Amino acid sequence: MSSLWAKIIGQDRTVERLRQLADTNVQSFLFVGPEGCGKELAARIFATTLITQSDKDDTREADLIMRGEFSDVNEIYRVGAAVDADEAEGIVLQSSTTPLEAKVKIIIIHEVHLMRDAAAVRLLKTIEEPAKQIIFILLADQ
């Protein structure tokens with residue numbers, strides 16, 4: 001049984017800050033860094049911490065989240081060159097559903113820096129004021 005956070009190398013201050021943020025009521029997070037820096041891994045570990053209230057890697061939930069297979073952690077990848085308004089509408093619909101297994105549902109949106117303006121406008125209110133049981137983690141390269 002070890003800490004999932006140990007998988008993130010060389011980011012001690014960031015890891016400590018994320019651990020602190022896991023105990024807050026903040027519902028929207030933006031992880032920014034160049035491609036390959038580990039923000040996807042950090043997002044999954046953070047999601048695991050939020051869902052399980054632990055950073056241990058030996059739970060069923062942790063295993064499923066880290067593999068991208070947990071029902072209450074939805075990862076959104078763009079289709080095509082950018083996230084468009086139709087994809088944004090799908091995200092809004094996902095955010096209106098309740099969690100199936102956990103107390104919260106986490107939506108991780110990849111490559112938000114490639115989001116079209118219409119999609120950003122469509123998502124703005126949802127991300128700024130999500131339902132009580134929804135947490136957004138946005139990932140961007142810039």
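Observations on the structure shown:
- Subset of the range 1-41 that is in a strand (DSSP E or B) and in contact (Cβ under 8 Å) with a residue 60 or more places away in the chain - its residue that is farthest from ILE135 (Cα to Cα): VAL32
- Whichever residue in the range 121-136 is of a type in the set (A, V, I, L, M) and in contact (Cβ under 8 Å) with a residue 40 or more places away in the chain and, among such residues, is nearest to SER95 (Cα to Cα): ILE134
- Just one of the listed residues (ALA85, ALA43) is under 20 Å from SER3 (Cβ atoms) and out of contact with any Ser or Thr (no Cβ under 8 Å at 6 or more places or on another chain), namely ALA43.
- Residues in the range 1-38 that are farther than 13 Å from GLU111 by Cα and of a type in the set (D, E, K, R): LYS7, ASP12, ARG13, GLU16, ARG17, ARG19, ASP23.
- Filter result (within 20 Å of LYS103 (Cα to Cα) and either aromatic (Phe, Trp, Tyr) or surrounded by 10 or more Cβ atoms within 10 Å (Cβ to Cβ) (or both)) within the range 1-25: LEU18, ARG19, LEU21, ALA22, ASP23
- Hey, GLU61 over 14 Å from HIS110 (Cα atoms) and acidic (Asp, Glu) or not: yes
Laboratory data are not the source of any read-out in this text; all were calculated from the coordinates shown. As the structure is a prediction and not an experimental result, all values here were calculated from the model. Positions of Cβ are generated from backbone atoms using ideal geometry, with glycine treated the same way; all protein chains shown enter the neighbour counts.
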